[in-house]
1. Can you work out which of the residues in the stretch 26-75 that are of a type in the set (Lys, Arg) and under 22 Å from the mean Cα position of the chain (by Cα) is farthest from Ile4 (Cα to Cα)?
2. Assess whether Ile129 counts as being within 18 Å of the chain's Cα centre (by Cα), at pLDDT below 90 and under 26 Å from Tyr58 (Cβ atoms).
3. Please work out which residue is surrounded by the fewest Cβ atoms within 10 Å (Cβ to Cβ), limiting yourself to the stretch 112-147 and to residues that are under 11 Å from Leu89 (Cβ atoms) and of a type outside the set (Gly, Ala, Ser).
4. Which members of the stretch 21-42 meet the condition of being open to solvent by 60 Å² or more (accessible area, probe 1.4 Å), of a type outside the set (Val, Ile, Thr) and either in contact with a helix residue (DSSP H, G or I) (Cβ under 9 Å, 6 or more places away or on another chain) or in a loop (DSSP other than H, G, I, E, B) (or both)?
Amino acid sequence: MKIILLKDVKGFGKKYDIKDAKDGYALNLLIPRGLAVHATDKNAKDVEIKKKNDLEHYKIQEDLLLMNLKELEGIKIEMSEKANEKGHLFAGIHKEQIVEEIKKQAKINILPEFIILEKPVKEVGEHNISVKVADRMVKFKLVVKAL
């Protein structure tokens, strides 16, 4: 069965890919969870429009962030999370959470895709976080404190 992915599916494909999937996988998992739709002509046109809009939105965000990159460089973002006595966090801090804190504390809008984070932050302390926009890269400090 031909489907169009609406979100990234680990080990299967990226958002907006047109894929051949086994009927059971598509009908029982991907489509009911909103991860994919049938690859009809109408859905293909709708997805193409969404893809174009997403690309434009991404480009606008990239341009805005390039203008605000100097403000982001060298700032210190503080977060408090639950941790054990050794300083290990119970839940890792992901890109999305860092983005929300940047919005709250520095008043800068940024997409999670621009943050370079190999794995979630799982330790209390100071962490250098990189942000890459186009060919420019800046770093800021993320200070994680235990609750």
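1. Top of the filtered list is Lys70.
2. When the stated conditions are applied, Ile129 does not pass them.
3. The selected residue is Leu147.
4. Lys22, Pro32, Arg33, His38
The rows are residues; the columns are (1) in a helix (DSSP H, G or I); (2) modelled with pLDDT under 90; (3) aromatic (Phe, Trp, Tyr); (4) under 30 Å from Val143 (Cβ atoms).
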{"residue": "Ile3", "(1), (2), (3), (4)": "no, no, no, no"}
{"residue": "Ala44", "(1), (2), (3), (4)": "yes, yes, no, no"}
{"residue": "Ile49", "(1), (2), (3), (4)": "yes, no, no, no"}
{"residue": "Asn53", "(1), (2), (3), (4)": "yes, no, no, no"}
{"residue": "Tyr58", "(1), (2), (3), (4)": "yes, yes, yes, yes"}
{"residue": "Glu62", "(1), (2), (3), (4)": "yes, yes, no, yes"}
{"residue": "Glu78", "(1), (2), (3), (4)": "no, no, no, yes"}
{"residue": "Val99", "(1), (2), (3), (4)": "yes, no, no, yes"}
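The values are calculated or read from the model by the stated rules, or taken from the named source; none is laboratory data. The structure displayed is predicted, hence computed values, not measured ones. Every residue, glycine among them, receives a Cβ derived from its backbone with ideal geometry; neighbour counts consider all protein chains shown. Each accessible area value is taken on the protein alone, full model and side chains, heavy atoms only, with ligands, DNA and RNA left out. Shrake-Rupley method; radii C 1.70, N 1.55, O 1.52, S 1.80 Å.
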